[in-house]
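Have a look at the structure below before the remarks.
The values are calculated or read from the model by the stated rules, or taken from the named source; none is laboratory data. This is a predicted model, so every value here is computed, not measured. With ideal geometry, Cβ positions are generated from the backbone for all residues, glycine too; neighbour counts draw on all protein chains shown.
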Amino acid sequence: MKNDLTGCVFGRLTVLERCGKNKHRQALWLCQCSCGTQKVVQGGALQHNYTRSCGCLNKEVAKSQTGSKNPRWNGGFRAAEAKRRKEQIDSKCAVCFGTKKLCWDHDHLTNEYRGTLCDTCNRVVGFFKNDPTRFDRAAEYLRNVHT
């Protein structure tokens with residue numbers, strides 16, 4: 001059989017056998033996850049590394065993501081407070097006035113909310129280690145370069 005995946009290992013999944021095709025005529029494979037769960041997976045998803053487990057890997061990663069590493073992070077606030085803050089969130093970035101990928105900027109030491117930034121400006125603040133003098137030096141550098 002062409003492209004027999006039986007016995008191949010993809011992440012935590014070991015291919016047991018081919019079990020037909022989906023409605024798009026793509027090969028389906030029965031796989032055994034290292035946690036013991038069996039799952040039917042499309043061959044392309046295995047070969048292109050889209051599916052690496054039965055779902056247990058995502059659960060483990062989510063458990064390990066605490067605080068701001070977790071995509072469902074509430075800024076350290078209780079649900080009611082987080083909801084109230086989300087309703088009050090500015091509709092634009094405080095630095096560049098952009099409106100895409102807005103997030104809560106917070107102080108990593110105190111975990112206090114500081115304002116709304118776009119993802120890019122939030123990263124810049126992080127790269128400058130929250131040090132205003134670095135921003136001042138960067139601004140002075142840009143002023144001198146463009147004069």
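Listed values, structure above:
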{"read-out": "Selection within the stretch 6-17 - within 14 Å of Lys39 (Cβ to Cβ) and more than 28 Å from the chain's Cα centre (by Cα)", "value": "Leu16, Glu17"}
{"read-out": "Tally, over the stretch 1-33, of residues that are in a loop (DSSP other than H, G, I, E, B), buried (at least 16 other Cβ atoms within 10 Å of the Cβ) and of a type in the set (D, E, K, R)", "value": "1"}
{"read-out": "Criterion: among the aliphatic types (A, V, I, L, M), surrounded by 16 or more Cβ atoms within 10 Å (Cβ to Cβ) and at pLDDT below 90 - qualifying residue of Leu117, Leu109", "value": "Leu117"}
{"read-out": "Thr133 vs. criteria surrounded by 13 or more Cβ atoms within 10 Å (Cβ to Cβ) and outside any loop (DSSP other than H, G, I, E, B)", "value": "no"}
{"read-out": "Cβ pairs under 6 Å, 6+ apart, first in the stretch 22-46 and in the same structural domain as Asn58 (by TED's automatic domain parsing), second of a type in the set (Phe, Trp, Tyr)", "value": "Val41/Trp29; Gly43/Trp29; Leu46/Phe10"}
{"read-out": "Tally, over the stretch 104-126, of residues that are assigned to a helix (DSSP H, G or I) and closer than 22 Å to Arg137 by Cβ", "value": "7"}
